[in-house]
Structures are given as structure tokens and as C-alpha cells.
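Accompanying notes for the structure given below.
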Amino acid sequence: MQKYFRIFLSSFFFSVALLTNATAQDMKKDDSLYQDLGQREGIAKIVADFVPMLLEDSRIKQFFTKVKKEEFSEHLTNQFCELAGGPCRYTGKDMYEAHDGMKIGNAQFNAVAEDLQMAMEKNNVPSSVANRLVAKLAPMQRPIVSK
Ligand code: HEM
């Protein structure tokens with residue numbers, strides 16, 4: 001009887017161990033997009049090209065006349081890094097609050113997305129990877145666009 005109890009106990013703990021391992025695997029964050037973008041360093045380079053593009057783009061530059069370039073770039077880098085599954089934390093305002101009252105339209109939102117794609121192209125990011133980041137930004141259209 002004691003022997004059967006021991007067998008029961010060991011198979012019980014074995015199953016628990018298997019289950020715990022499976023759960024840990026499932027919960028592992030998918031950071032493939034972060035890796036494909038060249039980690040935080042790669043993302044920072046993209047943002048370093050992206051921000052000047054925004055400031056020079058005649059379709060939208062009027063919005064950015066008072067922007068604090070360094071802080072803005074830092075926030076964008078952390079935001080993209082976090083969105084891509086990387087180990088960063090975006091600590092800026094949420095997208096509704098950050099753009100509240102700016103009266104941004106869809107065409108202006110698309111202009112920003114286009115500039116980001118050009119900045120990624122300039123950094124040799126393959127279009128399949130670039131599209132994955134742009135897809136992550138799509139849900140932000142609703143809180144950002146107010147016109
Ligand atoms: C997917 C699109 C966009 C993303 C991911 C995005 C992201 C951000 C982030 C992270 C901030 C910083 C918020 C903070 O510092 O707390 C910000 C601020 C700002 N955004 Fe956007 N934004 C987007 C679209 C737009 C568009 C379409 C416009 C205007 C055409 C715009 C204009 C601004 C301006 C003027 C600021 C304030 C910058 C400052 O004064 O520091 N954004 N945005």
C-alpha cells in the first residue's frame with residue numbers, strides 16, 4: 001500500500017512539474033519583433049531618423065513646433081520597444097491624453113505612419129518587420145484622431 005502511495009505521490013509531483021513548465025513557456029513574452037528591430041539600440045536609431053522627418057514634413061510639422069525633441073524621442077523609443085515586446089517601459093502620457101485637443105485628422109495620422117515607415121526603410125528594416133510595428137500602432141488611431 002505504501003508503495004502505491006509513493007508511486008501516486010511521485011506521479012502527482014511529476015505532473016505538477018510538467019504543468020508548471022508548460023505554463024512558464026506559455027507566459028514567456030514574444031519579443032521577436034523587438035529582436036527583429038535590432039533591440040533598443042536599433043529602435044533608438046529609427047526614432048533618431050523618424051523625429052526630424054516629423055519636424056520637416058509639411059503635412060504635419062505645424063504640430064511639432066514646441067516639441068522637446070530629446071524627451072519626445074526617449075518616450076517614442078520606450079513606447080516602440082515595449083510595444084515590440086522588449087524589456088522597456090513607456091512612462092509618458094496615454095495616447096488619448098498626449099494628443100487631446102490637437103484636432104488630429106486621419107490624413108495626419110497616416111502621414112506620421114508613413115514617416116515611420118520611411119525611417120525604418122532608411123535603417124534597412126525589412127518591410128515584413130516594419131509592417132508588424134505599424135500594425136501595433138493601428139489601435140492608437142482611435143485615441144489620437146479627433147477630427
Ligand atoms: C501612431 C501614431 C502616433 C504615436 C505612436 C504617437 C506617440 C506619441 C508619444 C509617445 C508622445 C509623447 C507623450 C508624452 O511625452 O507623454 C506623443 C506626443 C505628441 N504627439 Fe504623437 N503619436 C502619434 C501620432 C501623432 C500625430 C498624428 C500627431 C500630429 C500630427 C502627433 C503629435 C504629437 C505632439 C505634438 C506631441 C507632443 C510632443 C511634445 O510636446 O513633447 N502624434 N506622441
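The values are calculated or read from the model by the stated rules, or taken from the named source; none is laboratory data. The model shown is predicted, which means the values in this text are computed figures rather than measured ones. FYI the Cβ positions are ideal-geometry reconstructions off the backbone, even for glycines, and counts take in every protein chain you see. Ligands, DNA and RNA are stripped out before the accessible areas are found, and what is left, the full protein with its side chains, is counted by its heavy atoms. Shrake-Rupley method; radii C 1.70, N 1.55, O 1.52, S 1.80 Å.
For this structure, a couple of remarks:
- Taken over the range 60-84, residues that are within 10 Å of the ligand (Cβ to nearest atom), free of Cβ contacts under 8 Å to residues at least 12 places away in the same chain and either surrounded by 14 or more Cβ atoms within 10 Å (Cβ to Cβ) or under 20 Å from residue 109 (Cβ atoms) (or both) amount to 6.
Residue by residue, here is whether (1) within 7 Å of the ligand (Cβ to nearest atom); (2) surrounded by 13 or more Cβ atoms within 10 Å (Cβ to Cβ) holds:
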| position | (1), (2) |
| --- | --- |
| 49 | no, yes |
| 58 | no, no |
| 86 | no, yes |
| 89 | no, no |
| 92 | yes, yes |
| 96 | no, no |
| 107 | no, no |
| 113 | yes, yes |
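- Condition met for residue 147 (part of a loop (DSSP other than H, G, I, E, B) and among the basic types (Lys, Arg)): yes
- Number of residues in the range 115-147 that are open to solvent by 80 Å² or more (accessible area, probe 1.4 Å) and either touching a residue at least 24 places away in the same chain (Cβ under 8 Å) or near the ligand (Cβ under 10 Å from one of its atoms) (or both) equals 6.
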